[in-house]
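Report on the structure given below.
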Amino acid sequence: MAGHIITIVGGKGGVGKSQIAANLAFAFAAENRQKTLLLDFDQVACGDQNIITGMRSKKNLKDLSEFNGSIDPKTINMFVGQHKMGVHYIGMPNDTTIAGDINADGLGKALKAITNLYPVIIIDAGSELTDLALKAMEYSTMISIVVTPDLLAVNQSKRLYSDLITLLFPKEMIFILLNQFQKGHPVTPETVGRQIGKPVFSAIPKDDQGCIRALSSSAALMTISKNSPFSQGVIEFVRKLKQKNVLAALAKLKKPEGATAKKKTGGKVSSSGKSGRDPWTDLKSRIHRALVEEMDMKKQDSSDEQAQLILRERTKKLVVELLGKEDTKAILSSRDDMNSIVKQILDEALGLGPLEDLLSDKTVSEIMVVGPEKIYYEQSGKNIRSEITFTNDRQVLNVIERIVSQVGRRIDEKTPYVDARLKDGSRVHAIIKPCALDGGTITIRKFPEERLTYKNLVDFGSMTTNMADFLRISVQSHRNIVVSGGTGSGKTTLINVLGSFIPSNERIITCEDSAELNFPQDHVVRLETKPASLEGEGAVDIRCLVKQTLRMKPDRIVVGECRGGETLDMLQAMNTGHDGSMTTVHSNTPRDCISRLETLVQYAGTGISPKAIKEMIASAVHMIIQQSRLEDGSRRIMNITEVGGMQGEVITLQDIFVFKQDGIGAKGKILGKYMASGFIPKFVESIEKKGTKIPRGLFKNE
């Protein structure tokens with residue numbers, strides 16, 4: 001009767017799957033009183049099992065993959081290291097370059113023969129779906145995904161589970177094993193099971209003291225403390241499998257063939273190499289795995305700019321050394337090829353991969369990723385498709401996770417969208433499957449390195465000098481302003497310019513979903529919303545933040561965007577002594593802006609009558625600035641409009657400045673000019689009574 005192969009994998013590093021695999025081998029040997037074989041298939045963490053078990057094999061997995069003789073009880077002894085408790089062991093080569101060249105098909109043949117020699121074989125397959133890991137799974141009776149009760153581990157395990165299902169591995173053969181379980185911890189096995197989509201089969205208690213003791217002794221914990229919580233958890237897992245006769249039932253399942261070749265080719269076997277990828281991608285993958293082995297990228301300090309430069313130089317030197325050990329003559333034919341692959345590896349290891357060049361290009365204002373194959377960018381107001389692509393959707397997800405993890409946010413199937421920001425303040429929105437049908441979608445709104453001033457907007461043709469002077473007077477006179485416009489029309493840029501007009505002795509509090517406002521004053525309090533935790537608790541929305549600002553002695557309240565019930569709180573703040581506050585709203589005209597505000601107030605669910613809402617808006621909002629993005633890609637202020645109060649049931653609006661389009665010039669450029677309506681705003685007289693002289697020439701056409 002053939003033996004059973006159990007493959008142990010982790011969705012990410014650091015979940016303890018290697019320690020579990022080692023102790024599982026000893027637990028099976030003790031419970032079955034039969035020999036058990038432990039194989040180390042982890043090409044990234046080469047040699048970890050040597051440290052965990054304290055064992056050494058006579059030959060390694062590469063030797064086994066190249067062995068052409070028949071494998072029987074006599075020949076297998078040429079390879080294995082043996083422990084007195086009945087565990088035999090074959091390890092991975094310590095050299096990552098050698099480990100990366102192991103022939104998966106050769107090992108597959110060996111696995112088929114080995115199942116006739118051992119009743120149970122435990123394979124530590126690492127935390128990546130490498131060719132070796134997939135080959136092990138093809139011959140496995142059971143796959144166990146090890147997860148810990150933390151957000152990233154659960155999310156990555158969910159991704160791994162989904163990938164295995166996509167590769168046609170039966171759901172029945174995949175088991176979830178929760179490590180570091182603690183009673184009373186908010187993340188329960190039930191929570192983990194719901195997030196991954198597969199119930200937790202068994203939980204192993206957290207036992208830091210025992211595991212550290214075992215590692216320092218270079219021995220499996222089962223061999224030195226069988227009664228420790230960790231050891232008992234592993235034994236309980238083995239007994240559950242035996243009691244329910246799980247392995248015998250799973251042995252009847254049909255496993256997918258050729259999963260290794262299907263992994264990168266969407267189910268089609270590629271002839272470009274052993275792994276089904278082009279040689280360039282294969283080389284990058286090998287170097288990246290070796291890089292992870294040499295340097296722990298996660299522990300590097302990413303907050304210090306100088307430290308980042310030093311880290312990049314160190315990493316670059318190591319990448320060049322690793323490439324020097326490879327046979328790259330057929331792949332890298334010139335110095336440009338070498339520079340290109342080094343840059344790509346560094347970008348993937350330390351940055352945002354293919355997006356790095358676009359992020360560093362100052363002429364690019366927006367980057368739009370639609371799945372792995374399509375990357376668009378906005379330049380001079382026009383959308384252009386980039387020749388750069390991602391390798392696959394997994395790389396897109398890695399970039400998204402790297403961005404959102406830096407600002408303490410999360411994205412998964414339960415919450416498949418997120419707002420975040422980059423270190424330079426650029427705004428990021430991401431949405432993934434199942435909502436994004438074509439794969440991970442990223443939209444990055446870049447902001448200039450240097451803060452734009454009103455002079456820049458005048459130079460760009462977004463406003464005139466008279467308009468800028470009038471807006472400065474309005475802000476300094478504590479007018480409540482709503483900036484209205486569509487997506488990408490320049491509302492945030494304009495409100496940043498308006499914010500720069502606020503006197504430096506005033507206390508400003510900003511509330512945003514994702515921090516984008518960047519005012520030059522020192523006394524600025526920046527607040528940002530917080531998403532719910534893994535348990536669905538602890539969310540802090542914009543409305544809650546606006547309420548908090550009222551207890552923080554603000555002179556000005558600036559809300560990044562009103563899109564819900566917070567509009568009511570914002571209007572009430574404007575009406576109750578916080579004049580000079582500002583916000584933005586999505587709408588196409590000043591009149592639409594008023595209608596939009598009325599609708600948003602109703603989202604608060606307070607049952608206020610429509611007339612009362614209109615009266616509140618008429619008394620709270622003093623001015624509306626309409627910003628638009630025109631057909632030629634230019635962004636202009638279309639209207640500066642004063643809110644005049646109520647006349648019957650209607651809120652009166654009066655344009656002060658408008659943009660008149662005259663036609664379309666060469667290359668589709670919009671032609672037109674700014675016109676003053678000649679109307680003098682009502683608040684001008686009240687300002688002049690306080691001693692501030694406002695030249696009437698501002699309201700005349702030049």
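The values are calculated or read from the model by the stated rules, or taken from the named source; none is laboratory data. What you see is a predicted model, and the numbers here were worked out from it, not measured in a lab. Cβ coordinates were reconstructed from backbone atoms using ideal geometry, including for glycine residues, and neighbour counts include every protein chain displayed.
Among the residues of the stretch 672-702, the ones that are β-branched (V, I, T) and not in a helix (DSSP H, G or I) come to 3 in all. Working only within the stretch 626-638, note down all residues that are assigned to a strand (DSSP E or B) and within 34 Å of the chain's Cα centre (by Cα). Listed by number, the residues that qualify are Q626, Q627, S628, R629, R635, R636.
Residues of the stretch 51-97 that are among the small types (G, A, S), closer than 17 Å to N23 by Cα, touching a Gly at 6+ places or on another chain (Cβ under 9 Å) and touching a residue at least 40 places away in the same chain (Cβ under 8 Å): G91 alone. For the stretch 365-421, a tally of residues being in a strand (DSSP E or B), touching a residue at least 12 places away in the same chain (Cβ under 8 Å) and not β-branched (V, I, T) returns 13. Restricting attention to the stretch 280-303, and to residues there that are under 21 Å from the mean Cα position of the chain (by Cα) and outside any helix (DSSP H, G or I), which single residue is modelled with the lowest pLDDT? That would be D301. Residues in the stretch 639-662 that are under 43 Å from the mean Cα position of the chain (by Cα) and hydroxyl-bearing (S, T, Y): T641 only.
When the stretch 426-453 is limited to residues that are within 28 Å of T464 (Cα to Cα) and of a type in the set (D, E), the one that is modelled with the lowest pLDDT turns out to be E449. Only residues that are of a type in the set (S, T, N, Q) and part of a strand (DSSP E or B) were counted in the stretch 135-192, giving 3.
From the residues in the stretch 133-153 that are over 24 Å from D412 (Cβ atoms) and small (G, A, S), which one is surrounded by the fewest Cβ atoms within 10 Å (Cβ to Cβ)? Looking at the filtered set, the residue picked out is S140.
For the stretch 422-466, a residue qualifies if it is farther than 17 Å from N496 by Cα, small (G, A, S), in contact with a helix residue (DSSP H, G or I) (Cβ under 8 Å, 6 or more places away or on another chain) and part of a loop (DSSP other than H, G, I, E, B), and the qualifying residues are G439, G440. Within the stretch 674-686, can one find any residue that is loosely packed, with under 12 Cβ neighbours inside 10 Å and of a type in the set (K, R)? Checked against the condition, which is being loosely packed, with under 12 Cβ neighbours inside 10 Å and of a type in the set (K, R), the stretch 674-686 yields no hits at all. Just one of the listed residues (G580, G565) is crowded, with 22+ Cβ neighbours inside 10 Å, in the same structural domain as P503 (by TED's automatic domain parsing) and touching a residue at least 40 places away in the same chain (Cβ under 8 Å), namely G580.
Filtered by the rule that a residue be outside the structural domain of T389 (by TED's automatic domain parsing), polar (S, T, N, Q) and in contact with a Phe, Trp or Tyr (Cβ under 7 Å, 6 or more places away or on another chain), the stretch 418-471 gives a lone residue, T464.
Say whether the condition of being in the same structural domain as V44 (by TED's automatic domain parsing) and within 25 Å of the chain's Cα centre (by Cα) is met by at least one residue in the stretch 131-143. No.
Filtered by the rule that a residue be surrounded by fewer than 15 Cβ atoms within 10 Å (Cβ to Cβ) and either in a helix (DSSP H, G or I) or hydroxyl-bearing (S, T, Y) (or both), the stretch 52-87 gives S70, P73, K74, T75. Just give me the residues in the stretch 514-558 being within 21 Å of the chain's Cα centre (by Cα), surrounded by fewer than 20 Cβ atoms within 10 Å (Cβ to Cβ), among the charged types (D, E, K, R) and in a loop (DSSP other than H, G, I, E, B), in sequence order. If the condition is that a residue be within 21 Å of the chain's Cα centre (by Cα), surrounded by fewer than 20 Cβ atoms within 10 Å (Cβ to Cβ), among the charged types (D, E, K, R) and in a loop (DSSP other than H, G, I, E, B), then E535, E537, D541 are the ones that fit.
Per this entry, E615 is not counted among residues that are of a type outside the set (V, I, T) and free of Cβ contacts under 8 Å to residues at least 12 places away in the same chain.
This table checks each residue for (1) out of contact with any strand residue (DSSP E or B) (no Cβ under 6 Å at 6 or more places or on another chain); (2) surrounded by fewer than 21 Cβ atoms within 10 Å (Cβ to Cβ).
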position	(1), (2)
I403	no, no
V407	no, yes
K433	yes, yes
G440	yes, no
T443	no, yes
E450	yes, yes
K455	yes, yes
G461	yes, yes
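Output yes when any residue across the stretch 393-401 is in contact with a strand residue (DSSP E or B) (Cβ under 6 Å, 6 or more places away or on another chain) and either of a type in the set (A, V, I, L, M) or more than 27 Å from T492 (Cα to Cα) (or both), and no when none is. Looking through the stretch 393-401, at least one residue is in contact with a strand residue (DSSP E or B) (Cβ under 6 Å, 6 or more places away or on another chain) and either of a type in the set (A, V, I, L, M) or more than 27 Å from T492 (Cα to Cα) (or both). Evaluate the following for F230: is it among the aromatic types (F, W, Y), part of a helix (DSSP H, G or I) and at pLDDT 90 or above? Here the answer is yes, as F230 does meet what is asked.
Assessment of the stretch 612-634 against the conditions (in contact with a helix residue (DSSP H, G or I) (Cβ under 8 Å, 6 or more places away or on another chain) and among the acidic types (D, E)) yields at least one matching residue.
Report whether or not S595 is more than 42 Å from the chain's Cα centre (by Cα) and surrounded by fewer than 18 Cβ atoms within 10 Å (Cβ to Cβ). In short, no.
When the stretch 18-51 is filtered for residues that are outside any helix (DSSP H, G or I) and more than 22 Å from S127 (Cα to Cα), the ones remaining, listed by number, are R33, Q34, K35, T36. Residues in the stretch 93-116: is at least one touching a Leu at 6+ places or on another chain (Cβ under 6 Å), under 25 Å from A220 (Cα atoms) and not in a helix (DSSP H, G or I)? No, because not a single residue in the stretch 93-116 is touching a Leu at 6+ places or on another chain (Cβ under 6 Å), under 25 Å from A220 (Cα atoms) and not in a helix (DSSP H, G or I). The single condition among (1) touching a Leu at 6+ places or on another chain (Cβ under 7 Å); (2) in a helix (DSSP H, G or I) that G564 does not satisfy is (2). When V319 is tested against (1) at pLDDT 75 or above; (2) exposed (fewer than 13 other Cβ atoms within 10 Å of the Cβ); (3) not charged (D, E, K, R), exactly one condition is not met: (2).
Filtering the stretch 163-184 down to residues that are surrounded by 14 or more Cβ atoms within 10 Å (Cβ to Cβ) and of a type in the set (S, T, N, Q), which residue is farthest from T7 (Cα to Cα)? Here the residue is Q180. Looking at the stretch 193-227, which of its residues are of a type in the set (S, T, Y), touching a residue at least 12 places away in the same chain (Cβ under 8 Å), surrounded by fewer than 18 Cβ atoms within 10 Å (Cβ to Cβ) and in a helix (DSSP H, G or I)? S217 - this is the single residue of the stretch 193-227 that is of a type in the set (S, T, Y), touching a residue at least 12 places away in the same chain (Cβ under 8 Å), surrounded by fewer than 18 Cβ atoms within 10 Å (Cβ to Cβ) and in a helix (DSSP H, G or I).
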